[in-house]
1. Return one number: the angle in degrees, 0 to 90 and rounded to the nearest 10, between the long axis of the Cα atoms of helix 83-92 and the longest principal axis of the Cα atoms of the chain.
2. Can you tell which of 209, 108, 184 lies farthest toward the positive end of the dipole of the chain, using +1 and -1 charges on the Cβ of basic and acidic side chains (Lys, Arg; Asp, Glu)?
3. Counting only protein heavy atoms and using a 1.4 Å probe, what share of the accessible area of the chain belongs to carbon plus sulfur, as a whole percent?
4. Would you mind pulling out the separation of the Cα centroids of region 135-209 and region 75-129, in Å?
5. Between residue 74 and residue 122, take the C-beta separation as r, use R0 = 25 Å, and let me know the FRET efficiency to the nearest 0.05.
6. Relative contact order for region 131-209 using alpha-carbon pairs under 8 Å, separation at least 6, rounded to a whole percent?
7. Please compute the modelled spin-label separation between residue 12 and residue 165, points set 7 Å along Cα→Cβ, answer in nm with one decimal.
8. Return the distance in nm (one decimal) between the two label points of a simple spin-label model at residue 200 and residue 182, each offset 7 Å from Cα along Cα→Cβ.
Amino acid sequence: KRDWSSDVCSSDLLSLVATSDYAIGIDRRIPATNMKELTAWLKADPKRASYGTPGAGALTHFLGLEIGRLIGVEMEHVPYRGSPPVVNDLIAGQIPIAMLSTSEFTQHHEAGTLRVIGTFTDAPSPFIKNVALLKDQGIDLSAEGWYAFYGPKNMPRELVMQLNKVINEMVNEPAVKQRFLAMGVAAAGTTPEELTRVQRRDKEFWGPI
């Protein structure tokens, strides 16, 4: 536990810097536009319950497993080497479902070559329009990817806070925010304590899974 009354910070956390959100995309030929319809389609033939991700062990892998648990369908994970082949096979109908970062779906969803039916966000995603949140479809699951700055342990508190100030000023620059969005992430500076809460939250939720 961090002791902020001390002159030395025992943690190496500096600041969150950016977040990414995730979504469920499906083959456009599947007769479903939401999670209720997709669940019914999967339960009608459980052999169809497979989903692609950019690789084993990634957050998208665990999102698919947790989705399966919540809807009562055993989902088979199909790991790929990166996102582009997942998107290509989803568009071609080689896999029925994919879990990816929302920004990787956006262009294809807008073009109608695949269909995004839900996002794992607590608020509308900045990367896609008119797609319902999963939690608004009865799926109690939200998650995000994040990037943060860390430093060596036992940094003086004054230095930690100086670096935190610089990082937050940087990520709040309008040009930086736009550049981040173009890269598929959203700028998100925090205090070291807020980053600690984010890290603890994810460890407590995903650790058992």
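1. Value to nearest ten degrees: 20.
2. 108
3. Reported share for carbon and sulfur atoms: 52 percent.
4. First find each Cα centre; the distance between them is then 24 Å.
5. 0.40
6. This gives 19 percent for region 131-209.
7. It works out to 2.5 nm between the two label points.
8. 3.8 nm
The values are calculated or read from the model by the stated rules, or taken from the named source; none is laboratory data. Bear in mind the structure is a predicted one, so any value in this text is a computation, not a measurement. Note that we place each Cβ from the backbone using ideal geometry, even for glycine, and neighbour counts take in every protein chain shown. Heavy atoms of the whole protein, side chains included, go into the accessibility calculation; ligands, DNA and RNA do not. Shrake-Rupley method; radii C 1.70, N 1.55, O 1.52, S 1.80 Å.
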